[in-house]
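Working notes, beginning with the structure itself.
The values are calculated or read from the model by the stated rules, or taken from the named source; none is laboratory data. Small disclaimer: the values here were computed from a predicted structure and weren't measured. Counting neighbours? That spans all protein chains shown, and the Cβs are built from the backbone with ideal geometry, glycine included. We work out accessible area using only protein heavy atoms, side chains counted, and drop any ligands, DNA or RNA first. Shrake-Rupley method; radii C 1.70, N 1.55, O 1.52, S 1.80 Å.
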Amino acid sequence: WETPRIEPWTFCMQGRYSLNIEQRIEPAKRAAHNVQKRLLACLQGQYGADIDKRVKKLPLMALSMTMAESFKELDTDSSLGKALEMSCFIQTMLARILAEFEMALERDVLQPLNKLSEEELPTILKHKKNLQKHISDWNAIKSRLNQAAKNSSNNTSGAAGPGPSSAAIKLENLKEEEEEMKRRVEQSKDEYMADLYHFSTKEDSYAKYFIKLMEIQAEYHRKSLESLDATLAEVKETQNQPDSPFPRDAAVVGVYGMPLETHLKASGREIAVPIEACVMMLLASGMKEEGLFRLAAGASVLKKLKYSLACGSGALGEFYADPHAVAGALKCYLRELPQPLMTFELYDDWLKTASIKEPENRLEHLRDTCSRLPKDNYNNMRYLIRFLAKLAEQQEVNKMTPSNIAIVLGPNLLWPQQTEGCQVQLDMASVSSIQVVGVVEPLIQNADILFPGDHLNNFVFLPFFKDIDFDVSGLFTAPSDIKDRDVSAAEEPASSLLSVEPASPQPGERQVV
């Protein structure tokens, strides 16, 4: 300590080891403060915000939105349209990975460094300053005590009478004051030594903050690279596919692009052919396929499957081996409906749920909106969501969590109606990544509550109606050489798919997503 006078006992405290520790505290404080400040400036998202707000503000999300605007008028069967669509999707995924990385960075690095530089180390330095002040005060009192002792000795030799002199009284008072200050110094010393010991034992933990930074960065780059590699491989494979032998529009005749109500009435069905056929094929051979609905299928295989479904062909055995083509055919059917399965009329009502924070209120709002779906839409929505909930049960293997499913499939279930001659009312990328995800994800998470197995006029959840019979028509049976590995036998009768009374849907013009 830089004090004019320090008693010999203080040198015991200031051994080489203690002095080395003491000299590291101030630099450690500066390092923690400066790194935390610079690291904070590296964040691209909003500090302290939840993941959805972060994603919405990231530059990668702005890039995804621009890509969405660019490909909405392109033919998604073209190489340019498909590549741009996949690029749009991966930018959204990268934005979410980045947001998760920054949240981990705040929790495990930034906040601990801030606490270290603003609370823990300043407390040690404060105790050091107090000790220095107490030592200085103690030395000053001892100087006064020495001077008072001299004065008292002189006064005693020349004083008359038995009573104590004022100098002697002053000397006694100074002795008491010196003892009290010595006690304070000892107390401050013990406190400061405890701080130094604590710092020495915690220094390795402080060093781990920077190791944790590198670990989080490595995980971020690893996830980003995995997503990019998977998407890039699919895009390249799609680009290298030969032209399909089928006419360009043959696959959509009669089924694809037809209003749901018209198709169901013409075929006498409750569940649309592409929805049931694709779900049955995926249940048989695709539930454990990583990246289902996310990874693109080969263009020629996808066209052939769409053509087979549109023509009512029962020869679908060859497609069981390509679950990504099956998922792509289902995704295309939903995307090419004249109006979304969740309907234009309920668009605003669905999006209101994304802003409801309280889970019970959000669930109640979802229930109410589900009850107002037209009958055909409700039946097919229920069928599809219950399947997606089953898909999410395998998320440890297929990597498709409810959130991931909502990201890739949500924009094909709900989109805003465009007014002719006006600009796009809501940016599709923003909707698909933020608002629609906030709607579709809880639908999947609460599928058995929102879409139970009984007749839903009263929306009573009966837990014994857990599974539904996806094989509604009995027309789509897996080939004998394909084992059903992903779903147990369902027990619910197909008739339970009926629900609320139908309303009159208003078909609108589809905007490609």
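Note on GLU119/LYS170: beta-carbon distance plugged into 1/(1 + (r/R0)^6) with R0 of 41 Å gives a FRET efficiency of 0.40.
Around LEU409, with a cut-off of 10 angstrom between Cβ atoms, what is the net charge of the other residues, counting Lys and Arg +1 and Asp and Glu -1? In short, +3. With respect to the cross-link table entries LYS72/LYS306; LYS352/LYS399; LYS288/LYS331; LYS29/LYS126, which display a Cα-Cα separation exceeding 23 Å? Pairs exceeding 23 Å: LYS352/LYS399.
Derived scalar couplings between HN and Hα for segment 289-294 equal 7, 5, x, 4, 6, 9 Hz in order, rounded to whole Hz, by the Karplus curve 6.51 cos²θ - 1.76 cosθ + 1.60 (θ = phi - 60°), x for Gly and Pro.
Let me make sure I get this right: for segment 257-363, a, b and c are the square roots of the gyration tensor eigenvalues over alpha carbons, sorted descending. Under 1.5 in a/c it's rounded, otherwise prolate if a/b > b/c, else oblate. Which is it? Taking the square roots of the gyration eigenvalues as a ≥ b ≥ c, segment 257-363 is oblate. For SER152, the shell of other residues with beta-carbons less than 10 Å away shows a net charge of +1, using +1 for Lys and Arg and -1 for Asp and Glu. Calculated accessible area for segment 39-118 comes out at 44 Å² per residue, all protein chains present (probe 1.4 Å; ligands, DNA, RNA ignored).
Counted by Cβ distance under 14 Å from PRO59, the other residues give a net charge of +3, where Lys and Arg count +1 and Asp and Glu count -1.
Along segment 386-396 the Karplus relation, 6.51 cos²θ - 1.76 cosθ + 1.60 evaluated at θ = phi - 60°, assigns HN-Hα couplings of 5, 5, 5, 5, 5, 4, 5, 5, 9, 4, 4 Hz to successive residues, with x for each Gly and Pro.
Packing order of peptides 408-414, 383-389, 261-267, highest average first: 408-414, 383-389, 261-267 (average count of other Cβ atoms within 10 Å over each peptide's residues). In this calculation the C-beta distance from ALA233 to ALA62 is compared with R0 = 22 Å, giving a FRET efficiency of 0.25.
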